[in-house]
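Reading through the structure tokens given below for one structure.
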Amino acid sequence: MDVDRAGRQGTSVYGEMLSLILLAVSASLSSAKTVTYDFDIGWVSAAPDGFTRPVIGINGQWPIPTIEANKGDTIVVKAKNSLGNETTSLHFHGMYQFGTPAYDGALGVTQCGIAPGQSFTYTFEAAPSGTHWYHSHAKGQYPDGLRGKMIIHDPAWEKNLKVDEQIYLSMSDWYHTQQPFLIHEYLSPGNHNGDLPSPDSFLFNDTKTAPTFSFKPGKRYLLRIVNVAALACGQFHVDGHKLTVVEIDGVQIRPQDADTIVICAGQRYDVIVESKKNPFFGFKYIAKMTIDMLTKDIPSDSAMSVIGNITYKGFLGVLDFIFNRFLHPSWVPQVVLDDISLRPLNNEKLYSPVTKNINFVVNQTYYGGVGTRIKIGNEPWVEPKVPSLYTALSTGAAALDADTYGVGVDPWISNQGDVIQVYLKNPQVWPHPMHLHGHEFQVVARGVGEWDHNEAALPKIPMMRDTVVVPANGYIVLRWLSNNPGVWFFHCHIDMHLVGGMASIFIENPTQLQQQYRSVPSDGIALCEASNECYCGNCLCRQGNVSMADAESKCNTIFNTYEDGEPYGALVASPCEGKRILEKKRHRCGASV
């Protein structure tokens with residue numbers, strides 16, 4: 001059955017969780033549907049904080065629609081690019097994309113861009129359940145508005161939560177200047193320190209005018225919150241109420257109470273708030289941007305804060321004027337939840353033994369005549385001539401050789417069944433939210449300084465999520481199973497750090513991937529051809545192996561990806577981008593012309 005949805009609000013209940021969830025799996029699969037969305041992506045005007053500017057909307061509206069489905073449904077998103085001057089794509093943040101890696105949406109990794117006037121259809125299974133989001137994965141584009149909520153329901157789990165209503169929320173930083181101009185400045189040779197432009201304001205549910213929560217006494221509310229920011233984390237606190245965290249990044253967890261939670265770019269939290277049974281007055285809540293990732297020009301407290309009201313139906317609130325004054329923009333949290341303490345509901349044990357070790361270090365470097373770039377592996381990531389997934393699918397045995405993909409994508413190859421461990425050190429004074437596509441990972445260690453490699457100290461059941469913050473002057477240690485054939489991005493979700501190169505790719509099980517797909521998908525080929533881009537072959541758009549010397553000198557790196565003589569590395573941030581795409585040389589598969 002085909003169903004078109006724009007959004008819905010559900011009700012659910014909490015009690016015995018895991019056993020009933022497992023019993024409901026077969027029933028939910030048998031009732032799976034196809035949920036279809038038609039999205040026309042184009043420019044609109046909006047003023048979420050009072051400043052009017054162009055933003056990227058869908059179907060003539062902004063904020064953009066919420067994608068909603070049940071676990072196991074098939075989601076079909078038909079995306080048309082009506083921007084006119086920019087390529088685009090859609091990434092469905094948190095989706096596993098089992099068997100459908102070509103619809104992950106990351107430009108240069110799993111597809112060519114959707115050129116102005118072109119369309120592309122994404123088809124994938126709604127999995128895992130939870131609070132997620134979707135956004136452009138093209139040229140720092142989602143901070144200009146192309147990002148929205150995505151809710152995948154697990155009816156059995158939601159029923160057991162015993163909540164009376166679900167409320168969908170987002171938080172984000174916001175810029176008055178369009179991203180191409182900010183990125184141009186950030187990547188330019190004049191930015192010696194890699195300084196990031198600070199946001200102008202902070203939004204809650206895409207507005208500075210906080211929504212009012214109208215509670216009924218003695219009820220349970222499930223708040224599903226996603227941070228869709230380009231840079232900053234956000235704190236969330238409800239005065240006089242505890243927050244019971246039940247899910248993070250689509251991972252159902254053992255319920256844990258908190259006073260204040262911090263949600264960073266790309267992260268999601270589901271929390272239950274129990275309303276008062278006999279309230280005499282209303283309450284306030286606050287969402288406030290943190291400043292630990294900002295490098296300069298710190299906004300005012302009022303610009304960084306959104307404060308809203310909680311009213312109670314049927315109560316006059318005669319004492320509100322006395323009690324509703326405790327939260328204000330200069331508020332500072334007293335106790336903040338440490339997510340490392342959260343445990344998955346399914347009690348997934350520590351993945352062991354490790355069969356593939358990878359060591360990363362955050363490294364920000366100034367390259368003369370190019371500008372400041374930031375990397376975690378051997379090279380700053382740049383968009384290759386051929387999407388790396390298409391290289392993995394079209395190069396046969398050469399797909400097992402990292403040089404085939406080019407040093408500019410910093411490729412790491414794994415085999416089926418590998419337990420991958422990433423040790424990421426961050427010597428910077430700024431933290432970084434790190435996100436992995438196609439997986440959740442176990443966070444087995446995190447701290448300040450360097451990891452002591454004490455395996456005995458690792459938790460037996462680690463915290464799991466798909467986006468985690470590596471602390472300033474600290475480290476994280478992650479583990480996941482290589483069981484999802486595809487090419488998966490691992491990157492910082494500070495969006496300018498991504499365009500500046502802070503990413504690597506994991507080519508997972510290329511032999512199984514080729515057996516699964518056999519060739520580059522025809523709809524992907526059509527996208528590349530529409531933009532005159534390569535759609536198969538190695539990093540030189542040719543067949544066969546690539547020598548290390550050629551991979552360094554002829555494939556895309558920060559040193560050889562200039563266009564029109566402008567040294568902006570992988571990205572030319574220009575309002576003429578659409579014109580540049582159409583003027584590129586045409587390529588055919590297997591040769592560069």
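The values are calculated or read from the model by the stated rules, or taken from the named source; none is laboratory data. As the structure is a prediction and not an experimental result, all values here were calculated from the model. For neighbour counting, all protein chains shown are included, and Cβ atoms are generated from backbone atoms with ideal geometry for every residue, glycine included. Accessible surface is based on the protein model in full, side chains and every heavy atom, while ligands, DNA and RNA are left aside. Shrake-Rupley method; radii C 1.70, N 1.55, O 1.52, S 1.80 Å.
In the set (1) open to solvent by 10 Å² or more (accessible area, probe 1.4 Å); (2) modelled with pLDDT under 95, Phe215 fails one condition alone, (1). Just so you know, in the range 236-277 the residues that are more than 17 Å from Pro211 (Cβ to Cβ), assigned to a loop (DSSP other than H, G, I, E, B) and of a type outside the set (Lys, Arg) include one that is most open to solvent (accessible area, probe 1.4 Å), and it is Asp259. For the residues Asn205, Asn191, the requirement of being under 21 Å from the mean Cα position of the chain (by Cα) and under 26 Å from Val55 (Cβ atoms) singles out Asn205.
Take the residues in the range 324-365 that are aromatic (Phe, Trp, Tyr) and modelled with pLDDT of 95 or more; name whichever of them is farthest from the chain's Cα centre (by Cα). Checking each candidate, the answer is Tyr351. Among all residues of the range 484-493, there is none that is of a type in the set (Val, Ile, Thr) and open to solvent by 10 Å² or more (accessible area, probe 1.4 Å).
Before we move on, is Asp195 charged (D, E, K, R), free of Cβ contacts under 8 Å to residues at least 24 places away in the same chain and open to solvent by 30 Å² or more (accessible area, probe 1.4 Å)? Lay out the reasoning, then the answer.
Values: charged (D, E, K, R): yes; free of Cβ contacts under 8 Å to residues at least 24 places away in the same chain: no; open to solvent by 30 Å² or more (accessible area, probe 1.4 Å): yes.
So Asp195 fails the test.
Just a yes or no: is a residue in the range 374-394 open to solvent by 10 Å² or more (accessible area, probe 1.4 Å), more than 23 Å from the chain's Cα centre (by Cα) and among the β-branched types (Val, Ile, Thr)? No, there is no match, as no residue in the range 374-394 is open to solvent by 10 Å² or more (accessible area, probe 1.4 Å), more than 23 Å from the chain's Cα centre (by Cα) and among the β-branched types (Val, Ile, Thr).
Put simply, of Gly408, Gly417, Gly449 the only residue that is more than 22 Å from Ile248 (Cβ to Cβ), within 22 Å of the chain's Cα centre (by Cα) and either in contact (Cβ under 8 Å) with a residue 40 or more places away in the chain or open to solvent by 20 Å² or more (accessible area, probe 1.4 Å) (or both) is Gly408.
Condition check: touching a His at 6+ places or on another chain (Cβ under 9 Å) and of a type in the set (Asp, Glu). Does Asp466 satisfy that? Judged against the criteria, Asp466 is a match. Being of a type outside the set (Lys, Arg) and within 17 Å of Val362 (Cβ to Cβ) is a property that Gly500 has.
When the range 278-293 is filtered for residues that are in a loop (DSSP other than H, G, I, E, B) and open to solvent by 10 Å² or more (accessible area, probe 1.4 Å), the ones remaining, listed by number, are Asn278, Phe280, Phe281, Thr290, Ile291, Asp292.
Each row is one residue, and each column tells you yes or no for (1) of a type outside the set (S, T, N, Q); (2) touching a residue at least 24 places away in the same chain (Cβ under 8 Å); (3) farther than 16 Å from His241 by Cα.
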position: Ala265; (1), (2), (3): yes, yes, yes
position: Tyr269; (1), (2), (3): yes, yes, yes
position: Ile272; (1), (2), (3): yes, yes, no
position: Asn278; (1), (2), (3): no, yes, no
position: Phe281; (1), (2), (3): yes, yes, no
position: Ile291; (1), (2), (3): yes, yes, yes
